[in-house]
Amino acid sequence: MDNISFKAMVVTEVSDKQFVREIKQKHIDDLPAGDVLINVQYSSLNYKDALSASGNKGVTKKYPHTPGIDAAGVVEESSSPKFKSGEQVLVTGYDLGMNTPGGYAEYIRVPENWVVKLPENLTLRESMIYGTAGFTAALSCFKLINSGITPDKGPVLVTGATGGVGSIALSILVKSGYEVVAVNGIVDEAEYLLELGAKEVISIEEADDQSGRPLLKPRWAGAIDTVAGNVLSTAIKTTQYGGAVTCCGNVGAAELHSSIFPFIINGITLLGVDSVNCPVDMRMKVWNKVASDWKLDRLEKITTELPSLEALEERIGLILEGKSRGRAIVKVPG
Ligand SMILES: NC(=O)c1ccc[n+]([C@@H]2O[C@H](COP(=O)([O-])OP(=O)(O)OC[C@H]3O[C@@H](n4cnc5c(N)ncnc54)[C@H](OP(=O)(O)O)[C@@H]3O)[C@@H](O)[C@H]2O)c1
């Protein structure tokens, strides 16, 4: 393909710890080598994107950089026999948008093993409403359910419930017949969470026990946590005998302090969830669930569509302040 120019967000370090975001023209030859060149139609905004777009070197080591850990589009060129030009595909995870130029651009070029064929019954736009956050939510539900937590065992707690991962996990659990108790943090969004199907909404104070006691009254059969820190340790000590707790995120803290007692007295299982390097067979299983039994009827309710790369700016600020709700997708072609 000719070395055409295309639009992309470029984050540049202008001085020590100062970063600017601009929408600029890049060229196809600026992209790294790879098997599949994709013309991106939609991307999405995750917590990790906001960190990469604001100079967090734990996520992105080298700038200038184009963020966007999710991308959905059409294969433009492929040297892989697995993909043909014109095919609809999506990429989430691996190194996309971290240290590889990501989905906030009209083109990406990636290795073939990062690319997933768009599942039947899902559009490119819908796949980005799920994106990494939705895939992580679905993987968390998959692990929780496979650990034996069935709807008859009792309610499931979801923390960070207004966020991308939390909103989708809540919705999938409700669709699968679970009673969900949602934790509402910074902004009062109880009405939204009840509309998504939560049976009860509790405050962040109630979910953040300060007593220091090793075990508390059992309240849930399981929990899906996105916050970590004391909120996760509270979820672990309020889960009933034989229950399971998934953890995938650290919006609240990067630590977990817990006594051993929930594990050795209540037999609690702590399930780690990683969407980045999740093996391809598990990836396909979870995407197929997302496109079938778990396909949400009211995706638009949790979605904000940003009309252009330029519109990402405001939403990045909101996500960093913990004030965004649901999922934001961005229409890439300008
Ligand atoms: N392991 C993986 O593969 C993987 C994949 C995707 C995401 N993640 C991680 O999962 C987490 C959630 O991602 P996301 O995309 O859902 O983020 P998000 O859309 O920004 O949502 C996070 C939610 O957490 C709550 N929150 C924010 N700051 C908080 C604080 N200081 N204390 C307590 N609650 C707070 C807010 O909900 P409320 O106001 O309702 O509490 C917020 O809506 C992030 O840490 C992300 O990096 C991990």
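None of the figures in this text is laboratory data; all of them are computed from the coordinates on show. Quick caveat, the model's predicted, so the values are computed rather than measured. Cβ: placed from backbone, ideal geometry, glycine included. Neighbour counts: every protein chain shown.
Farthest toward the positive end of the dipole of the chain, out of A138, S308, G68, is the Cα of A138, where the dipole comes from beta carbon charges about the Cα centre.
Normalised by the number of residues in the chain, the mean separation of alpha-carbon contacts (under 8 Å, six or more apart) gives a relative contact order of 18 percent.
Placing R0 at 25 angstrom, the Cβ-Cβ distance between K57 and N266 gives a FRET efficiency of 0.05 after rounding to 0.05. Length gained on full extension, M282 to E112: 59.5 nm, using 0.36 nm per residue less the C-alpha separation. The ranking of V332, V201, V36 from fewest to most other beta carbons within 10 Å of each one's beta carbon is V201, V36, V332.
Once the C-beta distance of K17 and N146 is scaled by a Förster radius of 51 Å, the resulting FRET efficiency is 0.75 to the nearest 0.05.
Distance between the pseudo-spin-label points of D293 and K199 (7 Å out from Cα toward the beta carbon): 2.0 nm. If R0 is 25 Å, the Cβ-Cβ spacing of K84 and N3 corresponds to a FRET efficiency of close to 0.65.
Would you work out if region 58-205 is rounded, prolate or oblate? Take a ≥ b ≥ c from the square roots of the eigenvalues of the alpha-carbon gyration tensor; rounded if a/c is under 1.5, else prolate when a/b is larger than b/c, oblate otherwise. Prolate is the answer for region 58-205, as a/c is 1.5 or above and a/b outweighs b/c. Grab the DSSP H runs of the chain that are 4 residues or longer, score each as -39,500 (n - 2.57), total them, divide by all residues and round the 222 nm result to the nearest 500 deg cm²/dmol. Rounded to the nearest 500, the figure is -7500 deg cm²/dmol. For I202, the residues whose modelled amide H falls within less than 5 Å of its own, excluding neighbours fewer than 5 places apart on the same chain, are A182, V183, N184. Global size of the chain: 20.0, 65 Å for Rg and Dmax (C-alpha atoms, Rg to one decimal, Dmax whole).
For region 249-307, the spread of Cα coordinates along the three principal axes comes to 46, 29, 23 Å, biggest extent given first. Amide H to amide H, with H built 1.01 Å from N, I108 comes under 5 Å of I38, V40, counting only residues 5 or more places away or on other chains. Tally Lys and Arg at +1 and Asp and Glu at -1 over the other residues with C-beta under 11 Å from the C-beta of G163: what net charge comes out? For residues surrounding G163, the net value is +2.
The ratio of the alpha-carbon radius of gyration of region 132-272 to the globular-protein estimate 2.2 N^0.38 Å is 0.92. Other residues whose C-beta falls under 9 angstrom from the C-beta of I302 contribute a net charge of +3, scoring Lys and Arg +1 and Asp and Glu -1.
Going from the residue with the fewest nearby Cβ atoms within 10 Å to the one with the most, H65, H257, H27 rank H257, H27, H65. Stretching the chain fully between E191 and L216 yields a gain of 6.2 nm (0.36 nm per residue, less the alpha carbon separation). Exposure proxy shown here: for I236, I4, the number of other Cβ atoms within 10 Å sets the order, fewest to most, as I4, I236. Comparing E314, E126, E76 in a Gaussian network model of the chain where C-alpha atoms under 10 Å apart are linked, the largest mean-square fluctuation is found at E314.
Of the beta bridges DSSP finds with both residues in the chain, what % are antiparallel, to the nearest 5? Roughly 60 percent of the beta bridges in the chain run antiparallel, per DSSP.
Candidate cross-link partners of K175 among the lysines, defined by an alpha-carbon separation under 20 Å and a same-chain spacing of 8 or more, comprise K143, K153, K199, K285, K289, K295, K301. Compared with the direct C-alpha span, the chain from R125 to D274 gains 51.3 nm at full extension, assuming 0.36 nm per residue. Counting only Cα atoms, the size of region 60-121 along its three principal axes is 34, 26, 19 Å, in decreasing order. Here the chain is treated with +1 on each Lys and Arg Cβ and -1 on each Asp and Glu Cβ, and its dipole about the Cα centre works out to around 580 debye.
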